[in-house]
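Here's the structure we're looking at; comments come further down.
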Amino acid sequence: MSSRVLFGLFLAVVAIASVDCNSERDALIVWKHGLVDPSNALQSWNSTLPSPCTWYRITCNSENSVIRVDLGDNNLSGILVPELGILANLEYLEVYGNNLFGSIPDEIGNLKKLVSLDLYQNNLTGKIPTSLGQLSSLRFMRFYNNRLTGSIPPSLGNLTSLQILELNSNLLTGTVPVEVSNLVQSGTYLNVSDNMLQGTADRSNSTSNRANYCCELLLFRINLFVALIYISLF
């Protein structure tokens, strides 16, 4: 193969990498425009730079693709944007302890390499997207202390790699799907307390031991107690 052909292939690879970097940069800039940042945590997020890898709280891999976004406890307010679903190699999305509001975009379910999704202690509303059941690599999903509504998607039961699933302290209704309660058998820590859930999970196909059943019953009583207080107030 001639040197000219090799050089052409090299340029093609560089061009593809540049496009990928630019698309990730552009997605993060769109998100920045949807955020209020009184502490200037995002000051280094400069759209004139070819890559976001030098930005504050952004970590990239050896191919200059974003793998971590660490913006926990940065006094940010605003929304999560659908463009975040472009970050195909993202492994950690850490935006806990801010004042984010609005819904969780369905596009987050496109992040197939995601290991940790920490959205806790914000003001997020709306339903938990069923698309999150596609995150097969996910080990940590912590959504507690938000204002999420609707039912728990049975699709979360597909997340067999989960070690921690914390949905407590929201406004979730319905019951715990058997698909989700069965994750406990695989060692997943599940917390759905302080919601407005009713009943216990359908146990017709479950072989959980008595200890797991007692844990579910405790969570049910906590949810029922909160629901009774809510009804008495309104």
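The values are calculated or read from the model by the stated rules, or taken from the named source; none is laboratory data. Just so it is clear, the structure is predicted and the values come from calculations on it, not from any experiment. Note that each Cβ is placed from the backbone with ideal geometry, even for glycine, and that neighbours are counted across all protein chains shown.
If you take the residues in segment 188-207 that are modelled with pLDDT of 95 or more and in a loop (DSSP other than H, G, I, E, B), which one is surrounded by the fewest Cβ atoms within 10 Å (Cβ to Cβ)?
Within segment 188-207, the first condition is being modelled with pLDDT of 95 or more, and the residues that meet it are 188-197.
Next, from what is left, pick out any that are in a loop (DSSP other than H, G, I, E, B): 188, 192-197.
On the way: 188: 21, 192: 25, 193: 20, 194: 19, 195: 25, 196: 17, 197: 25.
Filtering first and then ranking leaves 196.
Name, by its number, the condition in (1) at pLDDT below 95; (2) touching a strand residue (DSSP E or B) at 6+ places or on another chain (Cβ under 7 Å) that does not hold for residue 232.
(2)
Can you confirm whether segment 117-125 contains a residue that is part of a loop (DSSP other than H, G, I, E, B), of a type in the set (D, E, K, R) and either modelled with pLDDT of 95 or more or surrounded by fewer than 19 Cβ atoms within 10 Å (Cβ to Cβ) (or both)? Please lay out each step first, then the result.
So the first thing to find is which residues in segment 117-125 are part of a loop (DSSP other than H, G, I, E, B), and the list is 119-122.
So of that shortlist, the ones also of a type in the set (D, E, K, R) come out as none.
No, that holds for no residue.
Quick check on residue 160: is it among the polar types (S, T, N, Q) and part of a strand (DSSP E or B)?
When the stated conditions are applied, residue 160 does not pass them.
Applying the selection to segment 106-131, what residues are within 10 Å of the chain's Cα centre (by Cα) and among the hydrophobic types (A, V, I, L, M, F, W, C)?
Selection gives 108, 111, 114, 115, 117, 119, 128.
Just to check your reading of the model, which residue among 155, 77 is among the polar types (S, T, N, Q), out of contact with any Phe, Trp or Tyr (no Cβ under 6 Å at 6 or more places or on another chain) and more than 21 Å from residue 42 (Cα to Cα)? Steps first, answer last, please.
Numbers: 77 fails: more than 21 Å from residue 42 (Cα to Cα).
Exactly one of 155, 77 is among the polar types (S, T, N, Q), out of contact with any Phe, Trp or Tyr (no Cβ under 6 Å at 6 or more places or on another chain) and more than 21 Å from residue 42 (Cα to Cα), namely 155.
Given 55, 31, which one is under 18 Å from residue 82 (Cβ atoms) and at pLDDT 95 or above?
Working: 55 fails: under 18 Å from residue 82 (Cβ atoms).
None of the other options fit; the residue is 31.
Let's see how each residue does on (1) crowded, with 17+ Cβ neighbours inside 10 Å; (2) on the phi > 0 side of the Ramachandran plot; (3) without any contact (Cβ under 8 Å) to a residue 40 or more places away in the chain:
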| site | (1), (2), (3) |
| --- | --- |
| 147 | no, no, yes |
| 152 | yes, no, no |
| 161 | no, no, yes |
| 167 | yes, no, yes |
| 174 | no, yes, yes |
